[in-house]
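*Asks:* Attaching a single structure in structure tokens format; questions to follow.
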Amino acid sequence: KFSYQHRLGFGSGNPTGKIPLGLKRKGLRIVVTGGAGFVGSHLVDRLIARGDSVIVVDNFFTGRKENVMHHFGNPNFELIRHDVVEPLLLEVDQIYHLACPASPVHYKFNPTNVVGTLNMLGLAKRVGARFLLTSTSEVYGDPLQHPQKETYWGNVNPIGVRSCYDEGKRTAETLTMDYHRGAGVEVRIARIFNTYGPRMCIDDGRVVSNFVAQALRKEPLTVYGDGKQTRSFQYVSDLVEGLMRLMEGEHVGPFNLGNPGEFTMLELAEVVQETIDPNAKIEFRPNTEDDPHKRKPDIARAKELLGWEPNVSLRKGLPLMVSDFRQRIFGDHKEGS
Ligand code: NAD
Ligand code: UDP
Ligand code: UDP
């Protein structure tokens, strides 16, 4: 049995109990479930660069081998095709649990959030690993508090079309806290707000990827409803920094990880026009059911306890994903990431 504490030098092999300088940030064995996905693959890049051994567990439901292919051949990197709904035996120090069908067109009727999270918590308990859950701002539902603080319990429709995702993540949070309180598992909970960047799924229906792909393809930008609903968009590198600080820090959370810059969908469409094509047209479509009217994180807790805040604005971040999208859509050879 190889526990997190043991690995950090608290075990019998280190009588002083002191963490040798530098070890805490290096040489851990880390599982990233969903590591072939958008956020996961960027996280894997950072962990590998830090010197950790990384095992990606992914069933390629929405993830792609291409997102992690640049690590093939690196002895510190392993990729396992596995559905986390099935049990999994591994020996690791940390588990970043990202596996989840994360977009409305994919997440319906999928037990990953509940059964997959249970299995990864069971794994964390067995090997004494630290477990980080990537929850979501969707746990706040259609919020009656604005901006949303972590103390807000949310306004979620338990039988709606989105409930498989938001109630699934709420259950995942519950399981995480139960394993923490009941079995002493070291856990961390991040509530992630809308995030964008290179390697996002192109056609999974999220608004930033839709607008960018549409503008590049010279199609109209599809604004759902009146376009006055708001979201707060975070660039992926800011999120990855927050996730790593949370994992390494001493606080369970939950922590909101998001960019407080709030935009209506019409404003987002304007930024996309400015960035890609000022002549891009806007087309209004009926909105989806139970669409939250507004969303903006209160990040005071993460600022204070993790020393974290995002530093890439939407206008700075959007161009950084455009070259990647251009390359994937048109297959040209411009630099992506
Ligand atoms: P993504 O779809 O790119 O990544 C999810 C990954 O999980 C994919 O690689 C997919 O193949 C894998 N996966 C799905 N079901 C699986 C299963 N049963 N077994 C193994 N692998 C499985 O999405 P993302 O945006 O990178 O999201 C990562 C995490 O962050 C998710 O948990 C998501 O809920 C959370 N999150 C993301 C956002 C966002 O805006 N991107 C916002 C809130 C929360
Ligand atoms: N589990 C797993 N890998 C492990 C340990 C457990 O996938 O290394 C799964 C296990 O199959 C079970 C879940 O995690 O479905 C919860 O495990 P736990 O030991 O907490 O519960 P129990 O098996 O006692 O019901
Ligand atoms: N949306 C839109 N056009 C699109 C896709 C989405 O106007 O092509 C809207 C959607 O109705 C919602 C917002 O953009 O109000 C964010 O949707 P997304 O699915 O990206 O994220 P979530 O609803 O999960 O925050």
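*Asks:* Search the stretch 200-213 for residues that are of a type outside the set (Val, Ile, Thr) and pair each with any residue that is within 10 Å of ligand 1 (Cβ to nearest atom) and assigned to a loop (DSSP other than H, G, I, E, B) when their beta-carbon atoms are under 6 Å apart and the residues are at least 6 apart or on different chains.
*Replies:* Cys201/Thr62; Asp204/Ser103; Gly205/Ser103; Arg206/Ser103; Ser209/Met200
*Asks:* Check whether at least one residue in the stretch 152-174 is basic (Lys, Arg), within 16 Å of ligand 3 (Cβ to nearest atom), under 24 Å from Ile55 (Cα atoms) and buried (at least 18 other Cβ atoms within 10 Å of the Cβ), and report yes or no. First the steps, then the outcome.
*Replies:* Keep residues of the stretch 152-174 that are basic (Lys, Arg), which gives 162, 169-170.
Narrowing the set further to residues that are within 16 Å of ligand 3 (Cβ to nearest atom) leaves 162, 169-170.
Filter once more, keeping what is under 24 Å from Ile55 (Cα atoms): 169.
Next, from what is left, pick out any that are buried (at least 18 other Cβ atoms within 10 Å of the Cβ): 169.
Yes, the stretch 152-174 contains at least one residue that is basic (Lys, Arg), within 16 Å of ligand 3 (Cβ to nearest atom), under 24 Å from Ile55 (Cα atoms) and buried (at least 18 other Cβ atoms within 10 Å of the Cβ).
*Asks:* Scan the stretch 141-183 for residues that are over 22 Å from Glu289 (Cβ atoms) and either charged (D, E, K, R) or at pLDDT below 90 (or both) and jot them down.
*Replies:* Selection gives Lys149, Glu150, Glu173, Asp178, Arg181.
*Asks:* Still on this structure, I have one more. Which residue, of Leu268, Leu314, Leu305, is away from ligand 2 (no atom under 16 Å from the Cβ), under 30 Å from Gly154 (Cα atoms) and under 18 Å from the mean Cα position of the chain (by Cα)?
*Replies:* Values: Leu268 fails: under 18 Å from the mean Cα position of the chain (by Cα); Leu305 fails: under 18 Å from the mean Cα position of the chain (by Cα).
Leu314 is the lone residue from the list that is away from ligand 2 (no atom under 16 Å from the Cβ), under 30 Å from Gly154 (Cα atoms) and under 18 Å from the mean Cα position of the chain (by Cα).
*Asks:* Hey, another quick one. Identify, from the list Val187, Val139, the residue that is under 26 Å from Glu309 (Cβ atoms) and more than 15 Å from ligand 2 (Cβ to nearest atom).
*Replies:* Details: Val187 fails: more than 15 Å from ligand 2 (Cβ to nearest atom).
Just a single option satisfies the conditions, and that option is Val139.
*Asks:* Could you tell me which residue of the stretch 137-151 is surrounded by the fewest Cβ atoms within 10 Å (Cβ to Cβ), considering only residues that are hydroxyl-bearing (Ser, Thr, Tyr) and within 16 Å of ligand 3 (Cβ to nearest atom)? Can you show your working first?
*Replies:* Keep residues of the stretch 137-151 that are hydroxyl-bearing (Ser, Thr, Tyr), which gives 137, 140, 151.
Next, only the ones that are within 16 Å of ligand 3 (Cβ to nearest atom) stay: 137, 140.
Working: Ser137: 25, Tyr140: 27.
It comes out as Ser137.
*Asks:* Please list, ordered by first then second residue, the pairs with beta carbon atoms under 8 Å, 6 or more apart or interchain, first in the stretch 120-141 and among the small types (Gly, Ala, Ser), second in a helix (DSSP H, G or I) and near ligand 1 (Cβ under 8 Å from one of its atoms).
*Replies:* Ser135/Lys169
*Asks:* When you check Asp178 against the structure, is it in contact with a Ser or Thr (Cβ under 9 Å, 6 or more places away or on another chain) and free of Cβ contacts under 8 Å to residues at least 12 places away in the same chain, yes or no? Full working, then the answer.
*Replies:* Working: in contact with a Ser or Thr (Cβ under 9 Å, 6 or more places away or on another chain): no; free of Cβ contacts under 8 Å to residues at least 12 places away in the same chain: yes.
Taking the combined requirement at face value, the residue does not satisfy it.
*Asks:* Could you say whether any residue in the stretch 178-192 is within 13 Å of ligand 1 (Cβ to nearest atom), among the small types (Gly, Ala, Ser) and part of a helix (DSSP H, G or I)? Explain how you work it out, then say what you get.
*Replies:* Let us first name the residues in the stretch 178-192 that are within 13 Å of ligand 1 (Cβ to nearest atom), namely 189-192.
Next, only the ones that are among the small types (Gly, Ala, Ser) stay: 190.
From what's left, part of a helix (DSSP H, G or I): none.
The answer is no; no qualifying residue exists.
The values are calculated or read from the model by the stated rules, or taken from the named source; none is laboratory data. All of these numbers come straight from a predicted model, not from anything done at the bench. Here the Cβ is made from the backbone with ideal geometry for all residues, glycine too, and neighbour counts use every protein chain on show.
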